[in-house]
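The values are calculated or read from the model by the stated rules, or taken from the named source; none is laboratory data. Just so you know, these numbers come straight off a predicted model, no measurement behind them. A quick note on method: Cβ atoms are made from the backbone with ideal geometry, for glycine too, and the neighbour counts reach across all protein chains shown. Please note that ligands, DNA and RNA were not included when accessible areas were found on the heavy atoms of the full protein model with its side chains. Shrake-Rupley method; radii C 1.70, N 1.55, O 1.52, S 1.80 Å.
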Amino acid sequence: MPNNKMVSRVENERFLVLERVYDMPRDQLFQLFKEPDHLKRWWSTDGWELPVCNMDFRPGGVWHYCMKCVDKNQEEYGMESWNKTIYKEIIEPEKIVYNDYFSDAEGNINESMPSPEVTMEFIDLGSQTKLVSRSKFDSADSLQAVLDMGLLEGIEQTWNNLDVLVERLKGIKL
């Protein structure tokens with residue numbers, strides 16, 4: 001088993017690149033990104049859940065979701081964070097390209113927050129898959145703003161949750 005820790009780097013001041021290897025074939029890992037029932041099982045940070053997950057997985061489609069803090073020991077307890085993803089390109093099981101936005105419960109985009117274009121690549125390594133996320137921000141300041149908000153820690157927790165699900169699903173046909 002390779003070291004499957006998330007590796008991150010900033011390129012050209014406004015690109016955030018994240019990589020991690022998962023012990024699951026590419027077509028199966030891709031499924032965990034395209035179906036709400038799967039996403040609800042892993043897309044959240046520690047102490048948070050995904051109570052709302054509405055998805056239209058196609059180019060031009062929207063994924064509108066809410067992450068809610070359910071951990072009474074966190075100061076954010078009860079807080080909700082709404083996001084809206086608009087899919088630009090989907091090449092199954094190789095790539096997903098989307099714009100990522102902060103939003104409200106009605107899906108109205110928060111224009112004052114950074115909104116990167118994200119390309120998720122699923123690289124076939126046989127029985128494993130290398131996931132590469134490349135987020136393009138409109139400026140170095142926008143990238144720094146989300147880094148200051150704890151983006152890396154949040155993604156690492158989320159991708160750790162994905163790894164736990166991958167381990168649980170070993171040998172199960174999706």
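In whole percent, what relative contact order does segment 108-159 give with Cα contacts below 8 Å and a gap of six or more residues? So the answer I get is 31 percent. Geometric descriptor of the chain, per residue, is 122 Å³ (volume of the convex hull of the Cα atoms). Between R9 and N110, the FRET efficiency estimated from the beta carbon spacing at R0 = 22 angstrom works out to 0.25. Across the chain, the relative contact order, built from alpha-carbon pairs under 8 Å that are at least six residues apart, equals 25 percent. The dipole here belongs to segment 1-158: it is taken about the Cα centre, uses +1 on the Cβ of Lys and Arg and -1 on the Cβ of Asp and Glu, and is about 400 debye.
Between segment 81-104 and segment 116-174, what's the alpha-carbon centroid distance in Å? The distance from the Cα centre of segment 81-104 to that of segment 116-174 comes to 13 Å.
When each of the peptides 147-157, 25-35 is scored by the mean number of other C-beta atoms lying within 10 Å of its residues, the order from highest to lowest reads 25-35, 147-157. Of the GluC sites (Glu not before Pro) found in segment 23-118, those in coil by DSSP whose Cβ has at most 12 other Cβ atoms within 10 Å are E75, E106, E111.
Accessible surface computed residue by residue for the chain, with neighbouring protein chains in place and a 1.4 Å probe, gives 53 Å² per residue.
In a fully extended conformation the segment linking R58 and D46 would gain 1.4 nm over its present Cα-Cα distance, using 0.36 nm per residue. In the structure shown, the pairs K130/K170; K84/K136; K136/K170; K34/K88 are assessed against 25 Å; a Cα-Cα span above that value is assigned to K136/K170. In the chain, helices alone account for a calculated mean residue ellipticity at 222 nm of -7500 deg cm²/dmol, with every DSSP H run of four or more residues adding -39,500 (n - 2.57). The slack in the chain from K136 to E92, taken as 0.36 nm per residue of separation less the alpha-carbon distance, amounts to 13.7 nm. A P(r) calculated from all alpha carbon pairs of segment 40-106, with 10 Å bins opening at zero, reads 21, 44, 26, 9, 0 percent. Take the alpha carbon gyration tensor of segment 121-174, find the square roots of its eigenvalues, order them as a ≥ b ≥ c, and report rounded if a/c is under 1.5; if not, report prolate when a/b exceeds b/c, else oblate. Oblate shape, in that a/c is at least 1.5 and b/c is the bigger or equal ratio. Restricted to Cα atoms, segment 1-56 shows a radius of gyration and a Dmax of 14.1, 36 angstrom. Overall, the accessible surface of the chain at a probe of 1.4 angstrom is composed of carbon and sulfur to the extent of 45 percent.
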